[in-house]
Amino acid sequence: MILGITGAIGCGKSAALTAFAAHNWRTTDADQLCHELYADPDSEPVRAMARRWGGGVLAPDGTPDRRKVARIVFADPDELAQLTAMLYPALLRKILDLTAQWRAEKSNGAVEIPLLYEAGISFGVDHVAVLWATTEIRHARLRQYRNFTDSEIRLREARQLDPDKKLERADFALINNGPREELELQICELIDQAEAMEPWTKTKI
């Protein structure tokens, strides 16, 4: 099985991915794959960003300055759409290549994709698990662990599908308002539910 993991900003997607890895699943996340694309100054997404926004969005090594790009795209939905058009075709190729490898290995895998629904790429996974937490808890995490300002949080949330609507569309729901141990227990239950739903591919160790 290939499971897509998504949810609102600050809901604990990375913690969930870590928990799946502890169950010997193959794991990756879209942000890491984007980092790989960003790390190559000659990649088409990076060249497209420079053409669109000028060299001022690039760091001295020629790679995109993610904070500068974020300030542009989260302030203007048209620019965010442009970034998605630049980045997501290459990102999707990476995801599909990787998950095809996992399937060939008969391994279970989890892919964290924050904009899975917004970008319309849920077709690349078998099922979707949505992380959900209250607004207050999510915002507190973002301030404490990522040093986000209230303005940065609002800008990012404005460009994402409402968290409750993501939850409605999910195959599995993971409620992450408490300690990590509670999330890990839910993930164990999710795996048990999935085993009952369909033939299950045991992960190679």
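Only residues in the stretch 137-154 that are within 15 Å of Asn177 (Cα to Cα) and in contact (Cβ under 8 Å) with a residue 40 or more places away in the chain count as the first member; pair them with residues that are part of a helix (DSSP H, G or I) and aliphatic (A, V, I, L, M), Cβ under 7 angstrom, at least 6 apart or cross-chain, and list the lot.
Every condition considered, the pairs that remain are His139/Ile153; Leu142/Ile153.
May I ask you to list the residues in the stretch 110-140 that are surrounded by 19 or more Cβ atoms within 10 Å (Cβ to Cβ) and of a type in the set (Gly, Ala, Ser)?
Ala110, Ala129, Ala133
Give the residue, chosen from Arg71, Arg93, Arg103, that is among the charged types (D, E, K, R), under 22 Å from Arg159 (Cβ atoms) and not in a strand (DSSP E or B). Outline the logic, then answer.
Details: Arg93 fails: under 22 Å from Arg159 (Cβ atoms); Arg103 fails: under 22 Å from Arg159 (Cβ atoms).
None of the others qualify; the one that does is Arg71.
So that you can scan it fast, the table gives a plain yes or no per residue for (1) under 26 Å from Asn147 (Cβ atoms); (2) among the aromatic types (Phe, Trp, Tyr); (3) within 12 Å of the chain's Cα centre (by Cα):
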{"position": "Thr6", "(1), (2), (3)": "yes, no, yes"}
{"position": "Trp25", "(1), (2), (3)": "no, yes, no"}
{"position": "Asp31", "(1), (2), (3)": "yes, no, yes"}
{"position": "Phe74", "(1), (2), (3)": "yes, yes, no"}
{"position": "Pro77", "(1), (2), (3)": "yes, no, no"}
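Would you call Arg71 modelled with pLDDT under 95 and either touching a Pro at 6+ places or on another chain (Cβ under 6 Å) or farther than 18 Å from Leu174 by Cβ (or both)? Break it down stepwise before answering.
On the way: modelled with pLDDT under 95: yes; either touching a Pro at 6+ places or on another chain (Cβ under 6 Å) or farther than 18 Å from Leu174 by Cβ (or both): yes.
The answer is yes for Arg71.
Restricting the search to the stretch 104-113, which residues are within 29 Å of Ala8 (Cβ to Cβ), at pLDDT 90 or above and out of contact with any Leu (no Cβ under 8 Å at 6 or more places or on another chain)?
Matches in the stretch 104-113: Ile113 only.
Can you name every residue in the stretch 71-84 that is under 17 Å from Glu36 (Cα atoms) and of a type in the set (A, V, I, L, M, F, W, C)? Before you say what the answer is, go through the steps one by one.
Of the residues in the stretch 71-84, the ones under 17 Å from Glu36 (Cα atoms) are 83-84.
Across the stretch 71-84, the qualifying residue is only Leu83.
Does Ala59 fit the bill of being modelled with pLDDT under 90, surrounded by fewer than 16 Cβ atoms within 10 Å (Cβ to Cβ), hydrophobic (A, V, I, L, M, F, W, C) and more than 12 Å from Ile2 (Cα to Cα)? Talk me through it step by step, then tell me what you get.
Details: modelled with pLDDT under 90: no; surrounded by fewer than 16 Cβ atoms within 10 Å (Cβ to Cβ): yes; hydrophobic (A, V, I, L, M, F, W, C): yes; more than 12 Å from Ile2 (Cα to Cα): yes.
So Ala59 fails the test.
So the check is Cβ under 9 Å with 6+ separation or different chains; which pairs have a first residue in the stretch 169-193 that's within 11 Å of Ala16 (Cα to Cα) and a second one that's hydroxyl-bearing (Ser, Thr, Tyr)?
Going by the 9 Å Cβ cut-off, the qualifying pairs are Arg180/Thr18.
The values are calculated or read from the model by the stated rules, or taken from the named source; none is laboratory data. Not measured: the values here are computed from a predicted model. Using ideal geometry, Cβ is built from the backbone for each residue, glycine included, and neighbour counts are taken over all protein chains shown.
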